[in-house]
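The values are calculated or read from the model by the stated rules, or taken from the named source; none is laboratory data. Quick caveat, the model's predicted, so the values are computed rather than measured. All Cβ positions, glycine included, derive from the backbone under ideal geometry; neighbour counts span all protein chains shown. Each accessible area value is taken on the protein alone, full model and side chains, heavy atoms only, with ligands, DNA and RNA left out. Shrake-Rupley method; radii C 1.70, N 1.55, O 1.52, S 1.80 Å.
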Amino acid sequence: MILRIVVVTVFFFTIIGVALAEELPLLETPAGKAFKEKRYDNALEEFKKLVEQNPKDVLILRYLAMTLDRLGKYDDAIKVYEQALALTPQNPSIHFHMGTTYYKASSKDKAVGSFNKVLELAPDTIYGKMARQYIEALSQQRLQLQPPAPPNPFGLYFQVGAQYDPNIPSAPDDTSLYEGEKEGYRIFEYLWGTYRLIRTPSWLGGIELSTYQSQYPDSAFDRFRFSLYSIGASLQHTTTVGRFPFIVSLQYEYRSALLEGDSYSKSHAVSAGTQIGLIPETMTQLYYKYTNDDFKDEGFDPAFSSRDADNHAVGISQVIYFANRKGNIKAGYEYQKNLAKGMNFDTDGYKVSAGLGFPLIWEIQASLGADYTHEKYPDFQGPVIRETDRTGYTAGISRWLSRHILARLDYAYTNEKSTYDVLTYKRWTLGGSVAYVY
């Protein structure tokens, strides 16, 4: 899911009350009590009175700004934080809380600047710990092309797009499953929603639903009308190991695929992973995924042609950030073993990948990617063992048109070579999409 990694860390917008002794008297005032009871309109009026009496009290200014933040008055909150910083420019708590307000106001660069200042001033404090987690959240959101956003109880992602495909799937080069042209335009829609049952500073968990629809308007390709539905649940825990942000996640997903309205396959998938930032400008991910696939069509002889299988995959990926975390370099490796009921679909394979993301002008984000996959079918019943070498390249640009609307253009090229010529093909696609993110 496009938001799965993003929601792991963004929940840290909820400020943890640090029980410092100097704050206790303030919290016992009418202003402090109203703040604790979440009566923010009353707290605002009371804190304004206190500021009039104590215009240079940094603690009162901080709580006034936090109250404005809770009321969604981010610009006013920033002005008060700046007033407090004019009195104590090296105060890590003010920089931290101002960073969280910038975060919720979608001012990514200013938020990162505030959190970096916290790490400079107080790296080993609770503020330093939370600042690292926020910085990683912002980096993951950039990597996943998502705007900064607190974890609301409900999340939504809807994408609609079109692709031009001169080589329709299942009609590789030098073969013809259909009379006439093999090119066509593909229309697709993707809808994802989540309800987050658990939202705490350390835990995030919920249920997810999604659907994907793909079809070719040209009636010659009706059989490629494809639908995918899924339901699942996820749980994530964020903490620190030493000074490093550390994330553990667990997910279950059930998927049902349909071709032309008829059942095509059903799958159960369980995945577990960890992410850790060993140094401030990196993120390392380790993961394991198990998938059980059940295909309706068993083929001409299930002993040879059944694709029902248990698939195991393990992988590692590394991200290095640059340009104030607006850009990133990615590299990854994955090993898969597919234990199929049909001998022809037993597979051993691996994939190596690399990617680059970087900002362009006018807030446009560019991405480049390349991958190489090798698959071997050790039990393939044919004159030679089936092996596949697949090389892929991608390029894209994207831009947020508003806080919730993302536009993308994408190009992809695939060159697959097989020990069986009929399975060898080249293919490229060009498309665009618009997504709504909530």
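Just a few scattered comments:
- Förster radius 51 Å - calculated FRET efficiency between residue 36 and residue 225, Cβ distance, rounded to 0.05: 0.35
- Distance (nanometres) between label positions extended 7 Å along Cα→Cβ at residue 57 and residue 185: 6.6 nm
- For residue 438 and residue 376, the FRET efficiency from 1/(1 + (r/R0)^6), where r spans their Cβ atoms and R0 equals 56 Å, is about 0.80.
- Tensor-based shape of the range 80-119 (alpha-carbon gyration tensor, a/c under 1.5 rounded, otherwise prolate or oblate): oblate
- Comparing 225, 39, 255 in a Gaussian network model of the chain, where Cα atoms under 10 Å apart are tied by springs, the biggest mean-square fluctuation is seen for 39.
- Across the range 269-286, coupling constants 3J(HN,Hα) worked out from phi with the 6.51/-1.76/1.60 Karplus curve, θ = phi - 60°, read 9, 10, 9, 9, x, 9, 10, 8, x, 5, 9, x, 9, 9, 9, 10, 10, 10 Hz, and Gly and Pro carry x.
- Spin-label proximity, residue 397 to the range 357-384 - amide N less than 20 Å from point 7 Å beyond Cα toward beta carbon: 357-370
- Anisotropy class of the range 354-404 from Cα gyration tensor, a/c 1.5 cut: prolate
- Per residue of the chain, the DSSP helices (runs of n ≥ 4 H) give a summed -39500 (n - 2.57) that works out to -7000 deg cm²/dmol at 222 nm.
- Length gained on full extension, residue 263 to residue 337, computed as 0.36 nm times the residue gap minus the Cα-Cα distance: 24.1 nm.
- Computed E for residue 28/residue 90 - FRET, C-beta separation, R0 25 angstrom, nearest 0.05: 0.35
- Across 36/79; 266/337; 108/351; 289/330; 129/337; 38/326, pairs whose alpha-carbon gap is larger than 30 Å: 108/351; 129/337; 38/326
- Full extension of the chain between residue 282 and residue 209 yields a length gain of 23.2 nm, computed as 0.36 nm times the residue separation minus the alpha carbon distance.
- Cα→Cβ-extended label distance, 7 Å offset, between residue 198 and residue 75, nm: 4.0 nm
- In this label model, residue 162 and residue 290 are separated by 4.5 nm, measuring between points 7 Å along each Cα→Cβ vector.
- Extension gain, residue 152 back to residue 417 (0.36 nm per residue minus Cα-Cα distance, nm): 90.8 nm
- Heavy atoms of the protein chains alone define the surface here; on that basis the chain has 49 Å² accessible area per residue at 1.4 Å probe size.
- For the range 310-438, pairs of C-alpha atoms spaced more than 18 angstrom apart make up 66 percent of the total.
- Structure-derived semi-axes √(5λ) of the Cα gyration tensor in Å - corresponding label in [x] 50, 30, 21; [y] 50, 21, 20; [z] 36, 26, 19: [y]
- Each Lys and Arg adds +1 at its Cβ and each Asp and Glu adds -1 at its Cβ; summed about the Cα centre, the chain shows a dipole of about 1640 debye.
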